[in-house]
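A.B. asks: Can you read through this structure? Questions will come right after.
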Amino acid sequence: MSISSRPILIQCDFDGTVTVGDVSFLILDHYTGESWRRMLDDYMAGKISVNRFNAAVFSKVKAGRHELDEFVKKNAVMRPGFKELVETARRMDIRFVIVSNGMMFYIETLLKMLGLDGVEFTAAKANFKPDEIEAWYEGPDGKTVEDGFKEAWTQHFLDQGYDIIYIGNGASDFPPAKRCSRIFGIESLEKACLEEGVACTAFDDLREIAAELEKLA
């Protein structure tokens, strides 16, 4: 990894990247059963937008914020090395931003649990109602985003002049990642990069990425 003359920013996915497995899926399976997965198939096939998918499936969750906070703290599994990665980025004056198709409420909860509540993040917002959760995505301009949420933020960071390092695991990470200077990817993102001939570095432990950052010094 070479030193950039521009300021460096890490755009990092959350579910399946910072965590092992998808926290949204844990919540949906526990609180709604598995019927929501039919809509997931439609989303993965491009039949519905990410905004419509998330709004529809989380509207079926009938649990309050406190109950869900306790559920994710008990059940979410964090990938090793996240705290070290964040601390390395801070020490090197690299801006670190989580951009996720997940939900802001549980990202906030898990970051606080780790003592990392100062980390920047954006994801789907939530309005907790008595019998449902209202969910929606907002882009950098504050307007609702139907699709391309991660791409919108990547473009925003590029417009600000950042050299972006991308970290992710999912199919939704490939469109924004391929516009970045360096990609660290696993699972579907790594597969998409290999299929398209895009350079990508695999990882298991996020400390591996921290070690790569150290080479910039």
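The values are calculated or read from the model by the stated rules, or taken from the named source; none is laboratory data. The structure displayed is predicted, hence computed values, not measured ones. Cβ atoms come from the backbone with ideal geometry, glycine included; neighbour counts cover every protein chain shown. All accessible areas refer to the heavy atoms of the entire protein, side chains included, with ligands and DNA or RNA removed. Shrake-Rupley method; radii C 1.70, N 1.55, O 1.52, S 1.80 Å.
A.B. asks: Can you tell me which residue is farthest from the chain's Cα centre (by Cα) among those in segment 57-91 that are among the small types (G, A, S) and open to solvent by 30 Å² or more (accessible area, probe 1.4 Å)? Explain how you work it out, then say what you get.
C.D. replies: To start, the set of residues in segment 57-91 that are among the small types (G, A, S) comprises 59, 63-64, 76, 81, 89.
Those still in the list that are open to solvent by 30 Å² or more (accessible area, probe 1.4 Å) too: 59, 64.
Details: S59: 21, G64: 23 Å.
Checked segment 57-91; the qualifying residue farthest from the chain's Cα centre (by Cα) is G64.
A.B. asks: What number of residues within segment 117-146 satisfy the criterion of being modelled with pLDDT under 95, assigned to a loop (DSSP other than H, G, I, E, B) and within 27 Å of Y31 (Cβ to Cβ)?
C.D. replies: Let us first name the residues in segment 117-146 that are modelled with pLDDT under 95, namely 117-118, 129-132.
Subsequent filtering for residues that are assigned to a loop (DSSP other than H, G, I, E, B) retains 117-118, 130-131.
Still in the list and also within 27 Å of Y31 (Cβ to Cβ): 117, 130-131.
Result for segment 117-146: 3.
A.B. asks: Out of everything in segment 126-147 that is among the aromatic types (F, W, Y) and surrounded by fewer than 18 Cβ atoms within 10 Å (Cβ to Cβ), what residue ends up being nearest to E195 (Cα to Cα)?
C.D. replies: That would be W136.
A.B. asks: If you check every pair at least six apart or on different chains, which have Cβ atoms under 8 Å apart with a residue in segment 191-208 that is farther than 22 Å from F96 by Cα first and a residue that is of a type in the set (K, R) and open to solvent by 50 Å² or more (accessible area, probe 1.4 Å) second?
C.D. replies: Taking only residues 6 or more apart or on different chains, the pairs are C193/K178; E196/K178; V198/K178.
A.B. asks: Another question, if that's okay. Applying the selection to segment 4-32, what residues are closer than 24 Å to R207 by Cβ and either open to solvent by 10 Å² or more (accessible area, probe 1.4 Å) or of a type in the set (F, W, Y) (or both)?
C.D. replies: Hits for segment 4-32 are S4, P7, I8, F14, D15, V20, G21, D22.
A.B. asks: Return the residues of segment 92-104 that are out of contact with any Cys (no Cβ under 9 Å at 6 or more places or on another chain) and open to solvent by less than 10 Å² (accessible area, probe 1.4 Å); say none if nothing qualifies.
C.D. replies: The answer is G102, M103.
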